[in-house]
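Everything below concerns the one structure shown next.
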Amino acid sequence: MLGEVDVAMIVNRWIHLAAVIVAVGGTVFLRLVLQQTAGRTLSADQHDALRAAVIGRWARVLHVCIALILLTGGYNLYIMIGRHPGQPLYHALLGIKILLALTLFFLAIAITGRNLAFAKLRQNRAAWLLVNIALAGVIVLISNVLKSIPTGP
Ligand code: HEM
């Protein structure tokens, strides 16, 4: 605390949002820009080689973002739950947000990884990327609502 300013919370929210921006922005770029452009301008072989290289690199950035989102989300949760006692709407929306976030993380890791168990998912990578972009949109909307629910007594 610095007077009325909760420095730890500000730094935590800053990192939470920065990691979200990189992860969601990167996913949108990958699906809506790179995939379309590469499909139009490269031969099938070149496209395959680029896809493998880009996904290999992107997976590393994504894993760091997911780790940061989980750590800062956990801290957010710990602090904010205490500020919303007896508010079922807040708790329910937060629960839904966490379930959607874990689904998003699972899909993101499955479609960028090499685990054989998820090979089927990777065959539909383009569709799952769109699903993840939609999930991110819903999660950001829920987060927005959560933030606008006044804290309890
Ligand atoms: C399990 C993972 C996550 C947990 C536990 C978590 C938890 C939280 C909590 C408790 C808040 C504060 C809400 C409030 O102000 O009352 C928050 C804020 C927020 N979260 Fe998450 N979150 C997670 C993942 C995500 C993901 C995946 C996204 C985006 C796709 C996201 C986007 C946001 C945004 C935009 C805010 C608002 C921050 C602000 O305006 O300061 N979160 N999160």
(request) Can you tell me how much longer the chain between V138 and M80 gets when fully stretched, taken as 0.36 nm per residue apart minus their C-alpha distance, in nm with one decimal? (result) 18.9 nm
(message) Restricting to Cα pairs below 8 Å that are 6+ residues apart, what does the relative contact order work out to for the chain? Please round to a whole percent.
(response) 31
(request) Taking the convex hull of the Cα atoms, report for the stretch 62-104 its projected area averaged over all directions, in nm². (result) 2.9
(message) Can you give the FRET efficiency to the nearest 0.05 for V7 and L99, using r as the Cβ-Cβ distance and R₀ = 22 Å?
(response) 0.10
(request) Amide H neighbours of Q87 under 5 Å, at least 5 residues apart or on other chains, H built in the peptide plane: list them. (result) none
(message) With θ taken as phi - 60° and the coefficients 6.51, -1.76 and 1.60, list the Karplus ³J(HN,Hα) couplings across the stretch 99-115 in order, rounded to whole Hz; mark glycine and proline as x.
(response) 4, 5, 5, 5, 4, 4, 4, 4, 4, 4, 6, 5, 7, 9, x, 10, 4
(message) Going by Cα centres, the stretch 1-35 and the stretch 97-115 are how many Å apart?
(response) 18
(request) Compute the long axis of helix 7-28 from its Cα atoms, compare it with the longest principal axis of the Cα atoms of the chain, and write down the angle in degrees, 0 to 90, nearest 10. (result) 20
(request) Round to the nearest 10 and give me the degree value, 0 to 90, for the angle of helix 44-83's Cα axis relative to the longest principal axis of the chain. (result) 10
(request) Per residue of the stretch 86-95, in order, report the coupling 6.51 cos²θ - 1.76 cosθ + 1.60 (Karplus, θ = phi - 60°) as ³J(HN,Hα) in whole Hz, putting x for Gly and Pro. (result) x, 10, x, 4, 4, 5, 5, 5, 5, x
(request) Provide Rg and Dmax in Å for the chain, with only Cα atoms included in the calculation. (result) 18.2, 62
(message) Once you place label points 7 Å from the Cα toward the Cβ at S148 and H63, how far apart are they in nm?
(response) 3.8
(request) Would you mind checking the tilt of helix 125-148 against the longest principal axis of the Cα atoms of the chain, expressed as 0 to 90 degrees and rounded to 10? (result) 10
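Any read-out appearing in this document is the output of simple, stated calculations on the displayed coordinates, not a laboratory observation. Computed from a predicted structure; not experimentally measured. Neighbour counts are summed over all protein chains in view; Cβ atoms, including those assigned to glycine, are modelled from backbone coordinates with ideal geometry.
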